[in-house]
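Notes follow once the structure below has been shown.
Taken together, the values in this text are just the output of simple stated rules run on the coordinates, not laboratory data. Predicted model only: the values in this text are computed from it and were never measured. Counting neighbours? That spans all protein chains shown, and the Cβs are built from the backbone with ideal geometry, glycine included.
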């Protein structure tokens with residue numbers, strides 16, 4: 001099944017928001033064995049959407065649209081679909097009832113714009129949206145499937161998971177007779193290009209209907225192995241064979257598999273060993289602490305931390321010496337180490353990670369350019385510190401700092417086995 005994604009919204013075209021929906025949709029569709037052929041982003045224009053629908057309907061088997069289903073004047077997707085399918089709007093009573101219940105529970109009034117969201121094309125299969133007010137819609141015409149989804153990420157993901165993906169999966173399995181099976185290996189400490197060099201050309205070891213995808217992030221590269229086959233038993237055996245082959249090639253960089261993350265693997269080790277962690281953050285502004293606390297049960301290992309953006313708080317909370325700040329500066333090995341040591345003692349934890357750096361885009365110098373970050377990790381017997389150079393983008397610097405801090409903790413825990 002070839003799929004095209006259309007993201008609708010002026011705010012996306014002008015860069016006001018990041019198009020995270022397309023990334024999620026592409027991944028979700030690939031996981032059920034579909035081939036995502038096109039990504040298209042257009043503004044809130046009826047003419048542009050009609051043009052893309054006519055064009056893409058000749059190229060793909062399924063078109064998934066997101067956005068433009070709200071109650072305001074710039075939400076034009078529903079009206080465009082009525083025109084495209086030469087359809088009419090009818091009142092859908094279940095949707096109207098859902099809107100009224102939702103408004104009553106939230107204590108909000110229902111105006112005509114809200115009520116109009118229960119007017120839906122007569123030809124569509126209505127996809128319930130319990131997370132919001134705009135339902136999704138699915139049409140089929142001339143062997144092409146059309147799906148229209150709200151742009152709110154949680155609503156889009158919910159409708160896709162509840163309704164669309166199971167339907168598309170059934171279509172794929174019916175047409176091909178094969179089902180997609182996947183397994184993912186997680187790596188750290190090696191960039192995508194170097195990993196590809198070590199693995200070599202996938203065509204050498206992959207058979208027909210098998211795939212290998214490189215999925216990079218700031219926390220490492222995921223290797224997703226895919227096998228399309230009629231029989232689950234065969235696919236699982238083949239996935240194990242491919243996993244073994246890849247592990248032999250890059251095993252030293254593999255830290256987990258499946259839905260694990262470097263964070264989940266690291267915190268599982270902490271919980272298993274009964275160890276605790278705290279943080280002292282400067283340039284990351286609490287991102288590391290937020291990462292440690294995002295998982296259920298995090299109170300078993302994460303005790304808290306200090307947000308010491310100013311030198312005064314570095315001294316007051318983490319007991320960094322004034323002499324070190326004056327001699328070496330806030331962004332230095334010495335200060336990072338003192339932050340980690342002082343934080344561990346003050347918060348009474350087994351480990352403490354500190355981060356201090358120049359996130360940018362201002363504040364750099366020839367000696368310490370923007371992107372310079374020191375990360376330190378202290379336990380009861382020693383402290384280590386590493387310097388990183390992450391570049392000029394403030395947001396990326398902060399994310400990379402968190403990723404490297406977690407990687408440092410993972411490495412230390414592995415060394416203590």
Using the alpha-carbon atoms, what tilt in degrees (0 to 90, nearest 10) does helix 262-273 show relative to the longest principal axis of the chain?
60
Find how much the distance from residue 193 to residue 128 grows on full extension, using 0.36 nm per residue of separation minus their present alpha carbon separation; answer in nm with one decimal.
19.1 nm
Counting all C-alpha pairs of region 47-201, share separated by more than 23 Å (%)
48
Pulled fully out, how much extra length does the chain show between residue 41 and residue 205, if you take 0.36 nm times their separation in residues and subtract their Cα-Cα distance?
55.4 nm
For region 179-257, rounded, prolate or oblate, judged on the Cα gyration tensor with a ≥ b ≥ c (square roots of eigenvalues), a/c < 1.5 rounded, else prolate if a/b > b/c?
prolate
One would report the antiparallel percent of DSSP beta bridges in region 2-176, rounded to the nearest 5, as 40
What order, most packed first, do the peptides 267-275, 398-406, 125-133 have when packing is the mean number of other Cβ atoms within 10 Å of each residue?
398-406, 125-133, 267-275
Report, for the chain, the % of DSSP beta bridges that are antiparallel, rounded to 5.
60
Simple spin-label model, 7 Å along Cα-to-Cβ: residue 91 to residue 116 in nm?
1.6
Nearest 10, in degrees from 0 to 90: the angle of helix 232-250 to the longest Cα principal axis of the chain is 30
Compactness summary of the chain: radius of gyration and Dmax from Cα atoms, Å, are 25.8, 76
May I ask for the angle, rounded to the nearest 10°, between helix 20-31 and the longest principal axis of the chain, with both axes built from Cα atoms and the value confined to 0 to 90°?
80
Using the per-residue mean of other Cβ atoms lying within 10 Å as a proxy for protection, in what order, highest first, do the peptides 171-183, 94-106, 23-35 fall?
23-35, 171-183, 94-106
